[in-house]
Structures are given as C-alpha cells and as structure tokens.
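Chemist: I am attaching a structure below and will ask some questions about it afterwards.
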Amino acid sequence: MHFFRYHNGHLYCEDVDLARVAEKFGTPLYVYSAGTILDHYTRLDAALAPLDHLICYAVKANSNRAILNLLADAGAGFDIVSGGELYRVVAAGGDPARCTFAGVGKSREEIEYALEQRVYSFNVESEAELDYIDRLAGTKNLRAPIALRANPDVDPRTHDYVSTGSRENKFGIALGRLPAVYERASKMRNVEIVGVQMHIGSQITEAKPFASAIKKVAPIVRELKLKYGINFFSIGGGLGIVYESSFESGTKAWWDESVGRDRRARRGKSLSIREYVDAILPALRDLNLRILLEPGRLLVGNAGVLLTRVLHIKQTVEKKFAIVDAGMNDLIRPALYHSYHEIVPVNQPIASTSMSKSKSKSSMEKIDIVGPVCESGDFFALDREMPEVHEHHLLAIMSAGAYGFVMASNYNSRPLPAEALVHGDRFTLIRERQTWEDLVRGEVEPEW
C-alpha cells in the first residue's frame, strides 16, 4: 500500500497536494512519502516478531540521506554494496555495527574503510575475496567479521538483470563448495566467521523461490552453527512490489471502473508481507539464529513518485506523443528493463468524475509518454491508455521510489532532478536540483 490518493480531484501524497510541491520545487521532481516508508518497515518488523531479526535496508534502492536517517531512527540496519553507501549511512546517523557489506568487487579502500568503521559483517562473494579481506585485515591487526554468500541455484523467476541466485550469476559461492571454503576461513588468523548470507534476486512476486532457497541452505546453516558458532543467517531481500494499479482498491482512480478492473485482473495477485513471512517462517524458526533481511524496493518503491510536466503534444500519422520534461536519465527503468510504471495526472480530468461511463471511455486515448533525451529508448510508456493529455499538464510516474534517482545520470548534460520528502502535512526539499554550473564542476583543464 501507499499514501498517495486523490482528494477533490487533486493527487495528494499523505496530506500534501503534489501540485503545490511541483510549483515550489519545479520538475522533474522525485517526491517520497515518509509515512509509506515507515508503514512498510513497521509491518515487516511486526510480521517477523517470532524471530530474532534485523532488517537491513538495501541502500542501493534509494540512498538519499534523509531516507536513511528516517529508517535509522526506526531501528533499521543497512545492507551496503560500496564504501560510498557506508559513508552515506554514517553521514545519516546510521550505525556501522548494523551494516552488512555485500558486493563482488570491494576495493582495498572500501574494505579498509569498512574495517575502520567496524561493520557488522562482510558478505564474501568468492574465495579470492576471502583471501583479500584476510590480508587487508592483517595489515591493520584486525579480524574481519565474515559471512560467505551462498548461491543456492534457485530460479527466482524474475528479470534476468536482477536474478542473483542461480549458478550462471556472478554472485556467491556454490552450495557444494561452501563447507570447504568455511573450513579454509576457520584457519585464517584475520577473519572471524559470524554468519551465512544468501540473496536470490529482486522483484520476486511469489513465495516459492524464497522458501526453496532457504530450504536448500538451512541444513548447511545448521552444520555451520554447530561447527563454528555462527550468529546469523541472512536470507537477503527481493520481495517485489506492485507497479500496475498501485492505487489501493478502495481509492477512486482517474480511470473509469471497468478499466480499473481490467488492469487489476492483468496484474494478478501480489505477494503480501504476511504471505511472504508465513512461507519462510517454518524453516527459520528452529535454527535459533538471528535472521537478517535486506529489503530495499519493498520499503521505498511504492513510496515515491516522479513528477513531470508535459512540454509538447506531438501528433503524427501513426502516433500521438506527450513529450515531458523528465527523461531516461532521470528514471531509466522503463528503458533498461522495459519496466511498467503507472502514470497518472496530478489533477484529475473532470470527465472521469462527471461523465457517464461511455463518455468517460471515449475520452481515453492511447499515447506515448516520452522524454527529451536524444534516444528512441527515452520513453516512460508506449501506447498507454490515458485520459486526454495536454501541454503543461502535470503527471506523476508512480512507484518510482526505488532504483529511480539512484540510477539517474547526467546523460545529454541534463542536471539531476531535485528530491522532496512529505511527512503528514509538511514537505521539504531533501536534494537540490543540479545546475548547469554543477555539470562542469570538478572538470579541470589539462596541464600540458
């Protein structure tokens, strides 16, 4: 669920009219709902109450310092994949001792920084990395806490780019090899075995892959607990969210009721937090270990929107285009993954609330929502059924809270967008919009 809804024909985030936010801060603009993030975190935390657990938010999903501070204050730990993400967590008031450091290519600088900050654990992806961490920890007379990442070879049935738990992926150590690598680690002077980690992928919308992976790894976890006294088992993240028809079923959306029913039927049933926890709980309860989870998208995905304004309407013989001021450099998911994001008007068309169903249907049209970037792949929606869109209309690209701004770039020398946070009836800027001057800052003339 999320706290975006229509009120008197205007799209609100919590108790704030999004048109007000766009008017103050301009577009393109990311807007996040603090209430949604905290609600998702609290519900997951409550569902896991039967277990000793720690929720380590995956910083890569959305790394704005205000978001990290919000979650740190709620009690979250953090899953990091770079030294920069650790630096962000520390800057946001997070505790490094509640951070797990993942990633297949940690550099010397990153490992040394994480050792100095006393992270909770390094999630080790290979034997070569294990040797490297041991050597670097030795130069500092420290013992590095480590958990080997198990690759359970489970098909998560998700997009190939976000699948991480099959043997064809670059992540983790094969289950059959895991006991031998732990045996090697136990003989190293500068590492301390503290846990086991796994992660099978992202945007997974059924419980079976999670349960299957845990079932495969659990027997090894039991052995490792007996042999090395490990403290935790990290089962990763990956629980997916709903991108289509993301409004609550009880909320009147901008489309007519029959279109809404069709869309809900197409998207199918989503996997709830309760269903997910019920599926994984039996295999975890009797391990008597601390269970770590690393959700990212689940907590912030539906908590954000990208506001964009229509610059022009272009009509050709074949198609109608709405050219907006946001581009693939601001939100790359549709271009990179062909991902679906619901797009809705910030101000509801009058026709959808006052006309008959037949007239409301006739006011819908198929249109491409495209950006200004010089690429044919710069689109947010193709042949999307929308109410009539006109110049200067303000649109909200929904479910943009995860892997939105963090994957943004300066392609075409476009400044990065601003970010804002809403909490109740208040809203504030949490990242300034880049300027043209910012684009060349740091570039230097060659000295030859």
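Chemist: Taking the Cα-to-Cβ direction at Glu318 and at His7 and moving 7 Å from each Cα, how far apart do the two end points lie in nm?
Modeler: With each label placed 7 Å out from Cα toward Cβ, I get 4.4 nm.
Chemist: Let me ask another. Specify the inter-centroid distance of the stretch 64-78 and the stretch 191-231, based on alpha-carbon positions, in whole Å.
Modeler: Centre-to-centre distance over Cα atoms comes out at 25 Å.
Chemist: Then there is this: Run through all the Cα pairs of the stretch 66-138 and give the fraction in each 5 Å bin from 0, expressed as whole percent.
Modeler: Answer for the stretch 66-138: a P(r) of 4, 18, 30, 22, 14, 7, 4, 1 percent.
Chemist: Highest first, please rank the peptides 308-316, 95-103 by the mean number of other Cβ atoms sitting within 10 Å of their residues.
Modeler: 95-103, 308-316
Chemist: If you don't mind, there's one more thing I want to ask. Rounded to the nearest 20 debye, what is the charge dipole size of the stretch 302-440 about its Cα centre when +1 sits on each Lys and Arg Cβ and -1 on each Asp and Glu Cβ?
Modeler: It works out to roughly 440 debye.
Chemist: Run the numbers on the chain and let me know its relative contact order in percent, using alpha-carbon pairs under 8 Å that are six or more apart.
Modeler: 20
Chemist: So, one more: Subtracting the Cα-Cα distance from 0.36 nm times the residue separation, let me have the gained length for Glu445 to Tyr411 in nm, one decimal.
Modeler: 10.1 nm
Chemist: Moving to a separate point now. For the chain, what is the convex hull volume of its Cα atoms per residue in Å³?
Modeler: Normalising the Cα hull of the chain by residue number yields 160 Å³.
Chemist: Hey, what number do you get for the chain at 222 nm if only DSSP H runs of n ≥ 4 count, each worth -39500 (n - 2.57), divided across all residues, to the nearest 500?
Modeler: My calculation for the chain gives -9000 deg cm²/dmol from helical runs alone.
Chemist: Would you be so kind as to identify all helices of the chain, as entire DSSP H runs, whose Cα atoms reach 27 Å or more along the helix's own axis and whose mean Kyte-Doolittle hydropathy is at least -0.5?
Modeler: Passing helices, by number: 208-228.
Chemist: To two decimal places, what compactness ratio does the stretch 31-81 give when its Cα radius of gyration is scaled by 2.2 N^0.38 Å?
Modeler: Dividing the Cα Rg of the stretch 31-81 by 2.2 N^0.38 Å gives 1.12.
Chemist: Taking the inverse of the average 1/r across all pairs of different Cα atoms in the stretch 302-440, what Kirkwood radius in Å do you get?
Modeler: 16.1
Chemist: Among 397-404, 218-225, 425-432, how do they line up from the highest to the lowest mean number of other beta-carbon atoms within 10 Å? Walk me through the numbers before you get to the answer.
Modeler: Details: 397-404: 26.2, 218-225: 17.4, 425-432: 14.9.
Listed from highest to lowest mean packing, they are 397-404, 218-225, 425-432.
Chemist: Beyond 28 Å between alpha-carbons counts as too far, so tell me which of Lys60/Lys187; Lys24/Lys320; Lys106/Lys208; Lys140/Lys187 fall in that bin.
Modeler: Listed pairs above 28 Å: Lys60/Lys187; Lys24/Lys320; Lys106/Lys208.
Chemist: When ranked by the protection proxy of mean other Cβ atoms within 10 Å per residue, highest first, what sequence do the peptides 412-424, 70-82 form? Before the final figure, lay out each step's value.
Modeler: On the way: 412-424: 19.6, 70-82: 21.2.
With the highest mean Cβ count within 10 Å placed first, the list reads 70-82, 412-424.
Chemist: Which whole-angstrom value gives the distance between the alpha carbon centres of the stretch 398-427 and the stretch 1-49?
Modeler: Here the answer is 13 Å between Cα centres.
Each reported figure results from applying straightforward, stated rules to the coordinates on display, with no laboratory input. The model shown is predicted, which means the values in this text are computed figures rather than measured ones. No Cβ is skipped: glycine too gets one built from the backbone with ideal geometry, and neighbour counts run over all protein chains shown.
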